[in-house]
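Sharing a structure below in structure tokens format, with a few things to ask.
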Amino acid sequence: MHNKYSDKYLYNRDGVYQFIRRIPNDLSGHYGSSRIQISLKTKNISKANRCARSITQRLDDYWLGLRLQKLDIPAMNLIRMDINDTDNGFRLSDALDLYLKLKGIDKDKTFIRTANRNTEYVIQVLGNKSVTAYSSSEAAQFRDWLINKGMGKSTVKRVFSSIRSIINLAIKEHGLEGTNGFLGTFIPDGLRKTTRKPIPVNVIKDIQETCKEIDDDLRWLIALLSDTGMRLGEAVGLLKSDLVLDTDTPHLNLIPHPWRRLKTAGSERKIPLVGASLWSARRIKLSNPTNQFAFPRYCNEQTHNSNSASAALNKWLLSHAPEGCVVHSFRHSMRDRLRAVECPKEMIDQIGGWSSSDVGESYGEGFPLDVLYKWLIEIANC
């Protein structure tokens, strides 16, 4: 039994929203099923409604196009119709669901999020087609789109590897006829990711002052990043309890959570809170006492959405930081600022959670908080 919600094609099954819509009788010949069913992969009713309305609009537009094709065309009998039907009814979104069902077992949220994101890229550029309907020329078009987004060769190759795996599994599992258009796509050498520039210290100070004037959760997030050098995903996934203020050295405990894993073993660390980051932590602690998350706008018990946070912060930074600077630039700046005061490399790596090639540095528990504090307070006061 499922319950109907505000969108007439939106249903809730076991807490997760589904989009279900019957295919009109006059268009049933274009489909291998009597209805369209898509998991929206969310438990949030507002997000589900937005997704359902978007899918409804796209379906209505597509179906209008199909109906227009049925209109009488003069001299139709003279038009040659070489039918090469690659529409097997199993679309890329279906292939993704199958892939996650079979290969997503026991995989972390990063695996699932990456597969979803890469599939969304293809659908955005080429449409949600049958898995064997994508041509090699369309795959090349998709490659060019990724390159124009500023992705490097290794990133483009990873995206293609993911899409090839998703489509190959669908072809094998369902015995589909046709080929995988994403096989053998040439990825040129010499691609480099867009360089992220560090933010100058004087600009960082201006941004921090502006954050204190605006004083909202987005500005708390920027302030926290600016004087800790954390990765955005690390900060977005924090609990309020990770911010430890009632101690001689206020700091944050960066530990893994079910909704947010850490990038490397060295990413688990303690970072002293100074300057703008200490101000931010105090504001976060006082906010929304009934919510355990530091940034509930972007985090809940199921997941954290650093992509949405990145988009919002980068949009704001466009008018507050030099061209080419993004939210990740604070991390680059932190390394430069610590170098400028001649902080030892081992301490810089520990503060930022950067991996070190020195085997000896992996022994012991690292530098104590009060030692790290001296370097961070020095750059905060510069």
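Take the residues in segment 242-278 that are among the hydroxyl-bearing types (Ser, Thr, Tyr) and farther than 23 Å from Ser355 by Cβ; name whichever of them is surrounded by the most Cβ atoms within 10 Å (Cβ to Cβ).
Looking at the filtered set, the residue picked out is Thr249.
Please work out if Gln18 is more than 22 Å from the chain's Cα centre (by Cα) and either surrounded by fewer than 16 Cβ atoms within 10 Å (Cβ to Cβ) or touching a residue at least 12 places away in the same chain (Cβ under 8 Å) (or both). Working first, answer last.
Numbers: more than 22 Å from the chain's Cα centre (by Cα): no; either surrounded by fewer than 16 Cβ atoms within 10 Å (Cβ to Cβ) or touching a residue at least 12 places away in the same chain (Cβ under 8 Å) (or both): yes.
No: the conditions fail for Gln18.
Here is a list: Ala321, Ala281, Ala309. Which entry is in a loop (DSSP other than H, G, I, E, B) and buried (at least 20 other Cβ atoms within 10 Å of the Cβ)? Before you say what the answer is, go through the steps one by one.
Working: Ala281 fails: in a loop (DSSP other than H, G, I, E, B); Ala309 fails: in a loop (DSSP other than H, G, I, E, B).
Unique residue meeting the criteria: Ala321.
Report, by residue number, each residue of segment 124-146 that is surrounded by fewer than 16 Cβ atoms within 10 Å (Cβ to Cβ) and either β-branched (Val, Ile, Thr) or closer than 25 Å to His304 by Cα (or both).
Answer for segment 124-146, where residues must be surrounded by fewer than 16 Cβ atoms within 10 Å (Cβ to Cβ) and either β-branched (Val, Ile, Thr) or closer than 25 Å to His304 by Cα (or both): Gln124, Val125.
For segment 53-64, indicate whether the set of residues that are at pLDDT 75 or above, under 22 Å from Asn300 (Cβ atoms) and in contact with a strand residue (DSSP E or B) (Cβ under 9 Å, 6 or more places away or on another chain) is non-empty.
The answer is no; no qualifying residue exists.
Can you pull out every residue in segment 127-174 that is of a type outside the set (S, T, N, Q) and assigned to a loop (DSSP other than H, G, I, E, B)?
So the first thing to find is which residues in segment 127-174 are of a type outside the set (S, T, N, Q), and the list is 127, 129, 131, 133-134, 138-140, 142-147, 149-153, 156-160, 163-164, 166-167, 169-174.
Correct list: Gly127, Lys129, Val131, Ala133, Tyr134, Lys149, Gly150, Met151, Gly152.
Something else now. For Gly181, only one of the following conditions fails: (1) part of a helix (DSSP H, G or I); (2) more than 25 Å from the chain's Cα centre (by Cα); (3) surrounded by 13 or more Cβ atoms within 10 Å (Cβ to Cβ). What is its number?
(1)
Provide a single number: the residues in segment 337-347 that are crowded, with 16+ Cβ neighbours inside 10 Å and either assigned to a helix (DSSP H, G or I) or within 19 Å of the chain's Cα centre (by Cα) (or both). Please lay out each step first, then the result.
Start the filter on segment 337-347 by keeping residues that are crowded, with 16+ Cβ neighbours inside 10 Å, which leaves 337-338, 343, 347.
Those still in the list that are either assigned to a helix (DSSP H, G or I) or within 19 Å of the chain's Cα centre (by Cα) (or both) too: 337-338, 347.
Residues in segment 337-347 being crowded, with 16+ Cβ neighbours inside 10 Å and either assigned to a helix (DSSP H, G or I) or within 19 Å of the chain's Cα centre (by Cα) (or both): 3 in total.
The values are calculated or read from the model by the stated rules, or taken from the named source; none is laboratory data. The structure presented is a predicted model; accordingly, all values stated were derived computationally and were not measured. Note: ideal-geometry Cβ built from the backbone for every residue, glycine included; neighbour counts use all protein chains shown.
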